[in-house]
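The values are calculated or read from the model by the stated rules, or taken from the named source; none is laboratory data. None of the values given here were measured: they were computed from a predicted structure. Counting neighbours? That spans all protein chains shown, and the Cβs are built from the backbone with ideal geometry, glycine included.
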Number of protein chains: 2
Amino acid sequence: MSDPRGVLLTLAYDGTGFSGWAQQRNQRTVEHELHRAIAAIDPNASPPRGCSRTDAGVHAEGQLAAFDATITRPARGWVKLLNNVLPEDISVRCAREVNVGYNPRFTSRQKRYRYWVLADKVPDALLRHRAWRVGYSLDMDRLVRESKSILGTHDFAAFRAVGDERAHTIRTITNVTVDPVDSTRRLWVFRIEGNSFLYNMVRILVGTLIDVARNNLPEGTIARALRDKDRSIAGQTAPAHGLTLEHIDVGLQPGEGSPWPE
Amino acid sequence: MSDPRGVLLTLAYDGTGFSGWAQQRNQRTVEHELHRAIAAIDPNASPPRGCSRTDAGVHAEGQLAAFDATITRPARGWVKLLNNVLPEDISVRCAREVNVGYNPRFTSRQKRYRYWVLADKVPDALLRHRAWRVGYSLDMDRLVRESKSILGTHDFAAFRAVGDERAHTIRTITNVTVDPVDSTRRLWVFRIEGNSFLYNMVRILVGTLIDVARNNLPEGTIARALRDKDRSIAGQTAPAHGLTLEHIDVGLQPGEGSPWPE
């Protein structure tokens, strides 16, 4: 056992089989599986410190988690070590050396989420765990107009789940895009990027946009909900399985560590 | 029980949980699950007649299967009826009226397959059941040049699995494309379209292209294998889970039946 070394992991996971990120008694969680895999290799390592507490069913391509290793090995060696031990619905994509005790939650500057909407009256088995299927007819031009209200710095108190008790609800959204994947305009990709997000904020934003697109809520709903800080003005919470945590920027340079372990 | 009516279904399925299309004792197959769902609604209906016998792990967006219904109901009503009963990894995308006894196997004129290759040294949990991950470095320009030899009418005897005993091995491939999904050039989509395919033909073609791209086989391998009709000249068989049966053209007009059941 040598001096501990901080390791920062980038993780991809398929959220379908997990009760979310955070450890819970008798539940299969990403945090628990990762902790177990780390401990199998390095029993004296610290528990992982995750950056985002993703909900049950939510996927990730760019989740971050740090831990302190006690075995002597370059950080990037952890990619192969952990992938050999982890279940196949979690992958370590990259491992970088960081300071001992480093916690990505405190350095997170920007997060990007992706949400897939399948505009289709009929189910599609291949997308059932990845896209929210909306069978109503959608006015996507209306939706794109409405999405502009999200951009900028606002009090997002209306766009968080009951139970989120954070005192500070002002957030800055720097980018919102809504695009069809191809010319059939059947599958749509939403991307929302900002400095930080309240609990269920992306899902309530997407749900409200869809309610506006199907003419269930009037245009201007998002601006009104922001102004009145009233959850009841906003729309439904889009389901978890359409959501993927795509990227977290913690201000590390790309050269630090390597995604190519071999 | 009224006079039987032919119904042609378009099916999507996630091949991950199936031992392929064709009914086998004590195996979970798509044919078996579909037969069971049809019988639950219409106990006197015929068994389904599938168009393509996809292998274990192979996905479909455009599989076709016909059966003869004995309940009085417009063909398109079967979309909702069956989706309510089928497991969530099979979806009926469309249902059309056809003649009693119609078998899409005998009218199939053109099939299109898609194959996903993930060029990445590190696993990706989100694509584990959809893309063949190839960790070697790939010369995709070389691969695209090699792929041109597939086009046209050839004797594909070298590109079929042992056990395929069909006497006639001449097939016409009308289209082959290889494209990156985005500018990262990490995920690649292969599409191969032709009038008919031998057993494992697409997978052996893709496997051979990858062997050429990683410089494990010389350029010109496909032309040589076609000429000599020798399976041992061609490359490996790409794994099943990267393959999706995208579309089958049976010569029906788009207006016949409707994908919008409501």
TODO: Determine, yes or no, whether A:Thr16 is under 22 Å from A:Ala240 (Cα atoms), modelled with pLDDT of 95 or more, part of a loop (DSSP other than H, G, I, E, B) and of a type outside the set (A, V, I, L, M).
DONE: no
TODO: Among residues belonging to region A:1-27 that are under 21 Å from A:Arg128 (Cα atoms) and more than 14 Å from every other protein chain (Cβ to nearest Cβ), point out the one that is surrounded by the most Cβ atoms within 10 Å (Cβ to Cβ).
DONE: A:Gly20
- [ ] Can you tell me which residue within region B:79-123, out of those that are touching a Gly at 6+ places or on another chain (Cβ under 9 Å), over 26 Å from B:Thr237 (Cα atoms) and of a type in the set (D, E, K, R), is nearest to the other protein chains (Cβ to nearest Cβ)?
- [x] B:Arg93
Open item on the list: Regarding region B:178-185, can at least one residue be identified that is modelled with pLDDT of 95 or more, surrounded by fewer than 14 Cβ atoms within 10 Å (Cβ to Cβ) and within 14 Å of chain A (Cβ to nearest Cβ)?
Closed with: yes
Task: Contacts under 6 angstrom Cβ, first residue in region A:142-155 being at negative phi, partner in a helix (DSSP H, G or I) and among the small types (Gly, Ala, Ser), 6 or more apart - done: A:Arg142/A:Ala213; A:Leu143/A:Ala213; A:Ser149/A:Ala223
Task: A:Leu127 vs. criteria crowded, with 20+ Cβ neighbours inside 10 Å, closer than 30 Å to B:Leu243 by Cα and not hydroxyl-bearing (Ser, Thr, Tyr) - done: yes
Open item on the list: Checking the condition touching an Asp or Glu at 6+ places or on another chain (Cβ under 6 Å), in a helix (DSSP H, G or I), modelled with pLDDT of 95 or more and surrounded by 18 or more Cβ atoms within 10 Å (Cβ to Cβ), which residue from A:Val206, A:Val212 passes?
Closed with: A:Val212
Open item on the list: Against the condition farther than 22 Å from B:Leu126 by Cα, at pLDDT below 95 and not assigned by TED's automatic domain parsing to the domain that holds B:Arg96, how does B:Gly255 come out, does it pass?
Closed with: yes
Open item on the list: Considering only region B:59-70, I want to know if a residue exists there that is part of a loop (DSSP other than H, G, I, E, B) and in contact (Cβ under 8 Å) with a residue 24 or more places away in the chain.
Closed with: yes
Open item on the list: Only one of A:Ala37, A:Ala45, A:Ala22 is in contact with a strand residue (DSSP E or B) (Cβ under 9 Å, 6 or more places away or on another chain) and modelled with pLDDT under 95. Can you tell me which?
Closed with: A:Ala22
Task: Test: B:Arg76 is modelled with pLDDT under 95 and within 14 Å of chain A (Cβ to nearest Cβ) - done: yes
Open item on the list: Please verify whether A:Tyr136 is buried (at least 21 other Cβ atoms within 10 Å of the Cβ) and assigned by TED's automatic domain parsing to the domain that holds A:Asp164, treating the condition exactly as stated.
Closed with: no
Open item on the list: Regarding region A:124-142, can at least one residue be identified that is assigned to a loop (DSSP other than H, G, I, E, B), touching a Leu at 6+ places or on another chain (Cβ under 8 Å) and either away from every other protein chain (no Cβ under 14 Å) or of a type in the set (Phe, Trp, Tyr) (or both)?
Closed with: no
Task: Identity of the residue in region B:219-244, in a loop (DSSP other than H, G, I, E, B) and β-branched (Val, Ile, Thr), that ends up nearest to B:Val58 (Cα to Cα) - done: B:Thr237
